[in-house]
Structure formats: C-alpha cells, structure tokens
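Below is one structure; the comments refer to it alone.
The values are calculated or read from the model by the stated rules, or taken from the named source; none is laboratory data. As the structure is a prediction and not an experimental result, all values here were calculated from the model. Please note: Cβ atoms are built from the backbone with ideal geometry, for glycine as well, and neighbour counts cover all protein chains shown.
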Amino acid sequence: MTQPAPIAVALDAPDLETAARWAGLVTPHVSTVKVGLELYLRYGPEVVASIRGASGVKIFLDLKLHDIPATVTGAARAVARLRPDLLTVHAAGGSDVVRAAVEGAPDTIVAAVTVLTSLNSADLEQIGVMGPMSDAVRRLAVLGVRAGARGLVCSPQEVAAVRAEVGPDITLITPGVRPAGASADDQARTATPEEAIRAGANLLVIGRPITAASDPGAAAAAIAAPLRRLTLASG
C-alpha cells in the first residue's frame, strides 16, 4: 500500500457535507485532514466523527486554544474525548497555558502555535513584539516544548531554525505551504512543499491549492507524489 504524504489538508469548507466529501477525495493521498475553528463551531464535536469516517485518517483539530490555564485545561479535556491526533494551542498564552492543554489532552499531540503565518514583522511590531520574526518564533518554540508540547506550528521560513533549536523529536507543522505558482492568498510567509520538507517540516498544512481545485483528489495526488519520493529518499 502506498504511504500517504505528510500533508494535512485544511478542510475550510462551507458545510459539513463538502468537508466530508473533500476528506474522502484526499484521504488516499495524504496522512491527515485539518478541522479548523469555523467548521468546529458550526457543527460541533460531530464534525470529527463525520470527517474521520471509516478511513482512519488522522484528525488535526486546529482550535488554537488561548485563554487562562483552567479554561484551556477544560477545553482540551472536552475535545480529547474526540480522540484527535493533533490539537493546537497558542504558545503566546504562556507556559502555563501550553501545559494546561497538555494536561487536558495527554493522549493527543499538542502543538504550540508560534507566530501565525499571516503575520509579518510590521504586524508583530504593532502588537508590541520587537525584534526579528525568527527570534520571536524561536522563543515561542522553546517555551512550547519546555511546557510539554510535542508539536510546534511555524512557517516554512523558520522551520530550519526551529528544528535546530528543538531537536529531531518534535513534530513541526508548517502552514503557509504553496505549490510553485499558486497564489499566496492570506499567507505572508510561504514556501513550496518540497522546500518545507527539506527544511525539516514533518507535516505540511495545505488548503486552497487542493480544496479549490476542480478535482481535489487529483490535486492532492499531484502534490503528494514528489513529497513521497522526497521523504523516502531522506528516510
């Protein structure tokens, strides 16, 4: 059986039926599908079972929890019952918030989000974070790992520096991945899938280049094929 590529397809669909259809089309080619905040808030916990179906595809629950520790623990515990493979929390909430998510969902890979890929250096300065983007990402990555996160979310432009900082055992997840020639949409810090894998990413988040295609399954297959060859060669 062909090994699925290390891609999490972002199912940012207008309705549950569309999201489930996309998941069915891409699952033969990718390892993971990502359920984001909009879909989860619209349909609630049932969305996870509907998307997972009988395929056994990994579920990345991208809720980016960010609140006081007690609230984050409760929220993580609530969604842990759905058995997601990955769950996100904002590292900017601080060590106690990341630790709270880990405690609430101990059987899930909790991934700490460093700096959103939609932000650039000017945006960071506007919210009071001074210094180079790479420094901010590295600081938050170290904070997240020390607090128990087993995954980190960062842009492909910082993934090599983060990998050097945290070592080989942390799952690095990179949004902002766009095939060559694709629109950047609302992503400020992007790279191609091959560039992200070579830099040290473990899982690539790709949405519209796949889901907006006329045939999402074919688009997923086309992006997945060279990545499979790349990961086999590096393995």
Out of curiosity, is Glu165 out of contact with any Gly (no Cβ under 9 Å at 6 or more places or on another chain), at pLDDT below 90 and over 26 Å from Asp67 (Cβ atoms)?
no
Only listed residue being in contact (Cβ under 8 Å) with a residue 12 or more places away in the chain and in contact with a Phe, Trp or Tyr (Cβ under 7 Å, 6 or more places away or on another chain), chosen from Asp85, Asp62, Asp96, Asp67
Asp85
If you go through region 43-50 one residue at a time, do you hit one that is at pLDDT 95 or above and in contact with a Pro (Cβ under 8 Å, 6 or more places away or on another chain)?
no
Just the residues that are farther than 22 Å from Val177 by Cβ and at pLDDT below 95, please, taken from region 93-117.
none
Out of the residues in region 191-211 that are among the β-branched types (Val, Ile, Thr) and buried (at least 20 other Cβ atoms within 10 Å of the Cβ), state the one that is modelled with the lowest pLDDT.
Ile197
Is it the case, given these coordinates, that Arg21 is more than 21 Å from Pro175 (Cβ to Cβ) and within 17 Å of the chain's Cα centre (by Cα)?
no
Conditions (1) part of a loop (DSSP other than H, G, I, E, B); (2) small (Gly, Ala, Ser); (3) within 20 Å of Ala220 (Cβ to Cβ): number failed by Ser118
(3)
Just one of (1) in a strand (DSSP E or B); (2) of a type in the set (A, V, I, L, M, F, W, C); (3) buried (at least 22 other Cβ atoms within 10 Å of the Cβ) trips up Val98, so point out which.
(1)
